[in-house]
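Asker: Structure in C-alpha cells, see below.
Please treat every number below as a calculation from the coordinates, not as lab data. It should be emphasised that the depicted structure is a prediction, and the values quoted were computed from it without experimental measurement. Please note: Cβ atoms are built from the backbone with ideal geometry, for glycine as well, and neighbour counts cover all protein chains shown.
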Amino acid sequence: MKRQGKEGEFRSNLHRGGTAELIKLSIDEENAALKAARIMGLGIAGVDILQSARGPLILEVNSSPGLEGIEGATGVDIAGKIIHYIERHA
C-alpha cells in the first residue's frame with residue numbers, strides 16, 4: 001500500500017491523518033522489501049519504502065507491523081494469513 005500524509009504533514013502515519021491506497025509494487029520495490037526482511041531474519045515484516053529517482057530506498061523494517069492500514073487498503077485478512085503462515089512454519 002502507499003501511504004500519503006495529510007496536507008502540511010510530512011509523516012504519513014494513518015493515526016496522524018494519513019491515507020492509504022492499494023498500489024502495485026515494481027519488481028525493484030518488491031525485491032528490495034523481500035531482501036530487507038531476509039537480511040533482518042524476518043519471515044513476516046512491514047517494510048517502509050521511499051520511492052526515489054535512485055530506486056526504492058528502505059526507511060524501516062518492522063518486525064511487528066500494524067495491520068489496520070494494509071487490511072483496509074487490500075480488503076485481505078492479513079492477520080489470518082500470518083496465523084496460517086506461523087502454523088505451517090512452527
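Asker: Considering all alpha-carbon pairs of the stretch 8-83, what whole percent are spaced by more than 22 angstrom? It would help to have the intermediate numbers written out before the result.
Answerer: Working: 708 of 2850 pairs.
Considering the stretch 8-83, 25 percent of its Cα-Cα pairs are separated by more than 22 Å.
Asker: Let me ask something else. Zone of residue 21 (label point 7 Å along Cα→Cβ, backbone N under 20 Å): which residues in the stretch 62-87?
Answerer: Only 68-76 pass the distance filter.
Asker: For the chain, find the longest principal axis of its Cα atoms and tell me its angle to the long axis of helix 78-89, 0 to 90°, nearest 10.
Answerer: 30 degrees
Asker: If you place +1 on the Cβ of every Lys and Arg, -1 on the Cβ of every Asp and Glu, and leave all else neutral, what size is the dipole of the chain about its Cα centre, to the nearest 20 Debye?
Answerer: That gives the chain a dipole magnitude of about 180 debye.
Asker: Which one, 46, 32, 76, projects farthest toward the positive side of the charge dipole computed for the stretch 2-89 from Cβ point charges (K/R +1, D/E -1)?
Answerer: So the residue furthest toward the plus end is 32.
Asker: Further question on the same structure: Using only Cα atoms and rounding to the nearest 10 degrees, what angle (0 to 90) does helix 27-39 make with the longest principal axis of the chain?
Answerer: Taking the Cα atoms of the chain, the angle to 27-39 is about 60 degrees.
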